Structure formats: structure tokens, C-alpha cells
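Mind looking over this structure? Questions follow.
The values are calculated or read from the model by the stated rules, or taken from the named source; none is laboratory data. Every value quoted in this text rests on a predicted model; they were computed, and no experiment measured them. A quick note on method: Cβ atoms are made from the backbone with ideal geometry, for glycine too, and the neighbour counts reach across all protein chains shown.
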Amino acid sequence: MSRALTPSQTIGPFYFGTVVNAYRHDLAPAGVAGERIEIALTLHDADGAIVPDGLLEIWQANSHGRYNHPEDRRNLPLDAGFEGYGRASTDTRGCARFGTVKPGRVPWPGGGLQAAHVNVSVFARGVLNRLATRLYFDGDPALAEDPALNLVEPERRATLIAKRDATGVWRLPLYLGGPNETVFFDC
Amino acid sequence: MNEETYRRPAAGQHHPANRSPDYKSTVSRSPSKPAIVLPHTLSEITGPLLRAERLDAGENDLTRRRMGEPLGERIVVHGRVLDEDGKPVPEALVEIWQCNAAGRYHHPGDQHDAPLDPNFYGGGRARAGTDGTYRFITIKPGAYPWKNHYNAWRPAHIHFSLFGPAFATRLITQMYFPQDPLLAFDPIYNSVPEGARPRLQAAFDMDATQPEWALAYRFDIVLRGRNATPMENT
């Protein structure tokens with residue numbers, strides 16, 4: 001019997017006390033294969049003001065390019081202890097940090113590979129639907145051929161590409177609107 | 001490669017518009033450009049299942065997380081996690097959070113002049129069964145004022161968070177109570193297209209009440225279904 005979708009609603013401002021039990025900003029315990037990276041996402045509203053009450057989630061493949069999920073049936077290694085899921089609240093400076101490993105590349109349905117990327121979900125008071133975006137890595141030679149990036153107007157692609165700061169942290173500001181509005185995907 | 005994809009919800013029939021100006025916070029927190037339609041790749045058809053996440057016994061009973069019993073009307077909230085074909089989403093992790101019976105969240109940002117209940121924290125988790133069924137025991141949350149507009153009150157609600165089988169199925173929503181007179185005045189509830197609003201109301205469920213102990217409400221959650229015909233690739 002067909003059923004109609006349950007509509008989305010905002011996460012609201014007061015989720016902290018509950019979902020904090022399931023926070024995980026460190027995705028990769030010692031021993032997980034791959035290049036260790038730190039990601040810092042900062043959330044801004046359309047006026048550029050920081051959003052200190054947002055919740056960010058990430059989902060990614062492991063360093064071999066394998067998702068820890070039954071739909072990924074490729075013969076690539078899974079890493080014990082690495083699910084590929086992270087969740088963190090933005091802090092008073094609008095920043096959420098994750099420690100993880102750099103994901104490997106995964107295939108595109110029509111053939112070829114996607115550039116390494118991390119899938120990002122944004123929730124906040126005033127955000128009625130989950131906003132989905134991606135984080136790519138600056139300097140990756142595969143960016144030019146990434147089929148998802150190539151769906152985006154060239155002048156907006158930079159909103160999806162994290163840059164490495166002087167301390168080695170991959171930083172990506174996310175803008176919910178305004179002149180630097182992040183590219184969000186209908187996925 | 002032969003990958004299944006998820007159906008895309010018809011615009012304007014299920015979910016709220018991102019910009020819903022009666023809910024004032026949306027104005028500066030909603031993208032102005034349309035989302036770019038992304039084909040479903042492995043990144044979208046996989047997602048966190050959190051099967052390794054160990055739930056403590058009793059995490060689904062919000063009335064027994066502290067030393068004593070919370071004040072308020074004890075209720076059972078139960079239902080099924082389904083997809084659009086009515087098939088159960090097995091072993092889905094369901095997270096809920098809510099305010100107490102007086103309308104106050106156990107959260108430092110909530111400054112509403114209503115008492116905190118030392119015996120009510122307001123958060124719970126449950127793992128759905130293989131048939132998609134889940135069950136919580138909690139107390140009925142109160143209504144509370146907020147600053148969206150003059151004399152604004154949120155109808156009583158319980159927040160729900162679900163992952164479903166894929167990144168594409170992630171959903172956060174709110175469950176409301178049937179025939180709540182505040183629903184007509186709530187811009188968050190009314191951000192949803194009119195025909196879809198009743199889906200956010202739980203049903204009073206006499207059959208699931210527990211005599212001498214608790215009333216019951218039923219709330220089924222429907223996540224995106226898969227396309228009937230898998231997409232053929234190469």
C-alpha cells in the first residue's frame with residue numbers, strides 16, 4: 001500500500017541535550033587506514049552572521065573509497081571502527097570540527113570516478129528541510145573532471161571546495177544564503 | 001552497474017518551502033537558489049545505518065532516565081517506520097527530544113518561565129524492529145511561547161530524527177497531537193503544504209493505551225521509497 005511522505009520540520013534550537021549522546025566528531029579511531037585530516041565547517045546565514053545553533057552531519061567513504069553500507073558491494077576493504085558518519089553542533093563561533101581520514105574516490109553511475117568528497121547535511125533553527133551539500137578538497141586534480149561539480153555553474157563551485165589553512169585544517173564556510181550562498185543539492 | 005535510486009518528492013506537495021516568511025528565522029536561513037538535482041550515486045544511496053550504535057536498555061523510556069518519575073501525563077508513542085510503498089524500514093534508529101510537561105526544555109538556551117523537572121531530561125532513542133515498529137514511553141509535552149510574533153505559542157510536539165537506509169532518506173520532523181487548537185496558529189506546522197499537514201499529527205490510539213497507566217498515540221513515519229525500476233547503467 002502506498003503511503004505519503006512524512007513532511008520535514010526544523011530541528012529547532014533545543015536539540016542539544018538529546019542528540020549530544022550520539023555526537024561523534026572523531027570518526028576515525030587509531031588504526032584506521034588513510035591520511036588523517038581535520039575538517040572545520042563554519043555556518044553562516046544569508047547576512048553573513050554566524051549560526052551558533054546548527055547541527056552538521058557528514059557521511060563519507062573510507063580511504064579506499066568504500067562506503068560502510070550494504071549497497072556498496074564492491075570488493076574493497078572495510079576498516080574496522082570506521083563507519084564514515086559524523087555529527088557535531090556548531091559552536092559559539094559557528095564552527096563544527098571533525099577528525100577523519102581523507103575519503104577515497106567512488107564511482108559515478110554512468111562510468112568514471114567522482115573526486116574525493118564528503119557528504120554534508122545541515123540542520124538549524126529556521127532551516128525547515130535538511131540542506132545537503134558536499135565538501136571537496138582544494139588542489140585535487142580530479143576536481144576538473146568531477147561529474148557532480150560539473151553540474152554546478154563554474155562561478156559557484158568554489159562554495160564546495162575546502163581550503164587547507166596554515167595549520168593543515170581543511171576549512172569550508174557554509175552560507176545559507178547571500179552573495180556566497182553554498183551550492184545545495186537535491187539528492 | 002545496476003543501482004537503485006530513491007524517488008524525488010514532488011515539489012510543493014510534501015515538504016515545506018525553505019523560505020516560509022511567517023516563520024521568521026527562515027528568512028535569513030534559506031537558500032535563494034534552487035538545489036541542484038544530483039543523480040543518485042553511491043554517496044546518496046548509502047548512509048549511516050548506525051547498526052553498531054549500542055542503545056542502553058530503557059533509552060526508549062523517557063520517564064525512567066532519572067531517579068524519580070517526571071510530572072505530567074504519561075503516554076506511549078509508537079508506530080512504524082515505513083517507506084512510500086508501505087514496506088517497513090527495518091532496524092531504523094529513531095531519536096526523539098521534547099520539552100517537559102510544563103513546556104520547558106532541559107537546555108540552557110530555553111529561558112521560558114516554566115519549571116524544569118529534575119526527573120525529565122527529554123531525550124530518547126529506539127531501534128525499530130525488523131517490521132519497522134518502534135515504541136517510546138514519555139510524558140505529554142506542554143505548549144510554550146516563543147518570540148516569532150506577538151503571543152506566539154508552539155503546539156505540543158515531539159521532535160523526531162530518522163536516518164533511514166541512505167543519505168537521501170535523512171529526515172528530521174516534529175510530531176504533533178491531534179486536534180490541538182494551537183496548530184492553526186503555528187507557522188512551523190503551517191509551513192507544510194496544507195494537504196500534508198495531517199501527516200504530522202499522531203492519532204490517539206485507544207487500543208495501545210495501558211489501563212490504569214498510560215494513554216497512547218500512534219505516529220507512523222514514511223521515508224522516501226525506491227524507484228520501482230532500477231536505473232540501468234552501462
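Report yes if some residue within segment A:16-30 is hydroxyl-bearing (Ser, Thr, Tyr), surrounded by fewer than 16 Cβ atoms within 10 Å (Cβ to Cβ) and within 13 Å of another protein chain (Cβ to nearest Cβ); otherwise report no.
yes
Taking the criterion of being touching a strand residue (DSSP E or B) at 6+ places or on another chain (Cβ under 8 Å) and farther than 22 Å from A:Gly84 by Cα, would at least one residue in segment A:144-157 satisfy it?
yes
Let me ask you something else. May I ask you to verify whether B:Ala168 is within 14 Å of the chain's Cα centre (by Cα), among the aliphatic types (A, V, I, L, M) and either at pLDDT 95 or above or within 17 Å of A:Arg130 (Cβ to Cβ) (or both)? Can you show your working first?
Details: within 14 Å of the chain's Cα centre (by Cα): no; among the aliphatic types (A, V, I, L, M): yes; either at pLDDT 95 or above or within 17 Å of A:Arg130 (Cβ to Cβ) (or both): yes.
When the stated conditions are applied, B:Ala168 does not pass them.
Among the listed residues A:Arg87, A:Arg97, A:Arg134, which satisfies the condition of being modelled with pLDDT under 95 and part of a strand (DSSP E or B)?
Among A:Arg87, A:Arg97, A:Arg134, only A:Arg87 is modelled with pLDDT under 95 and part of a strand (DSSP E or B).
Taking the options B:Asp205, B:Asp180, name whichever one is of a type outside the set (Ser, Thr, Tyr), more than 9 Å from every other protein chain (Cβ to nearest Cβ) and closer than 24 Å to B:Pro21 by Cβ.
Values: B:Asp205 fails: closer than 24 Å to B:Pro21 by Cβ.
That would be B:Asp180, the only listed residue that is of a type outside the set (Ser, Thr, Tyr), more than 9 Å from every other protein chain (Cβ to nearest Cβ) and closer than 24 Å to B:Pro21 by Cβ.
Taking the conditions exactly as written (at the interface with chain A (Cβ under 10 Å from one of its Cβ atoms), under 26 Å from A:Met1 (Cα atoms) and not in a strand (DSSP E or B)), does B:Asp110 satisfy them or not? Full working, then the answer.
Working: at the interface with chain A (Cβ under 10 Å from one of its Cβ atoms): yes; under 26 Å from A:Met1 (Cα atoms): no; not in a strand (DSSP E or B): yes.
Here the answer is no, as B:Asp110 does not meet what is asked.
Next question. What is the residue count in segment B:52-73 for residues that are closer than 27 Å to B:Val222 by Cβ, surrounded by 18 or more Cβ atoms within 10 Å (Cβ to Cβ) and either more than 12 Å from chain A (Cβ to nearest Cβ) or touching a His at 6+ places or on another chain (Cβ under 9 Å) (or both)?
Qualifying residue count for the region: 1.
What are the residues in segment B:85-107 that are more than 13 Å from B:Tyr144 (Cα to Cα), in contact with a Pro (Cβ under 9 Å, 6 or more places away or on another chain) and at the interface with another protein chain (Cβ under 9 Å from one of its Cβ atoms), if any?
Hits for segment B:85-107 are B:Leu93, B:His107.
Condition (residue is more than 7 Å from chain B (Cβ to nearest Cβ) and polar (S, T, N, Q)) applied to segment A:100-116: is it met by at least one residue?
Looking through segment A:100-116, at least one residue is more than 7 Å from chain B (Cβ to nearest Cβ) and polar (S, T, N, Q).
If you scan segment A:137-147, which residues turn out to be buried (at least 17 other Cβ atoms within 10 Å of the Cβ) and either touching a residue at least 40 places away in the same chain (Cβ under 8 Å) or part of a helix (DSSP H, G or I) (or both)? So that I can check it myself, show each step before the final result.
Filtering segment A:137-147 for residues buried (at least 17 other Cβ atoms within 10 Å of the Cβ) gives A:137, A:143, A:146-147.
Residue satisfying the conditions is A:Leu143 alone.
I'd like to verify a number: residues in segment B:92-128 that are of a type outside the set (A, V, I, L, M) and free of Cβ contacts under 8 Å to residues at least 40 places away in the same chain, how many?
Selection size over segment B:92-128: 10.
Can you go through A:Ala61, A:Ala33, A:Ala40 and tell me which one is under 14 Å from the mean Cα position of the chain (by Cα), part of a loop (DSSP other than H, G, I, E, B) and touching a residue at least 40 places away in the same chain (Cβ under 8 Å)?
That would be A:Ala61, the only listed residue that is under 14 Å from the mean Cα position of the chain (by Cα), part of a loop (DSSP other than H, G, I, E, B) and touching a residue at least 40 places away in the same chain (Cβ under 8 Å).
Next question. I'd like to know if segment B:122-129 contains one or more residues that are out of contact with any strand residue (DSSP E or B) (no Cβ under 7 Å at 6 or more places or on another chain), within 25 Å of B:Glu53 (Cα to Cα) and surrounded by fewer than 17 Cβ atoms within 10 Å (Cβ to Cβ).
yes
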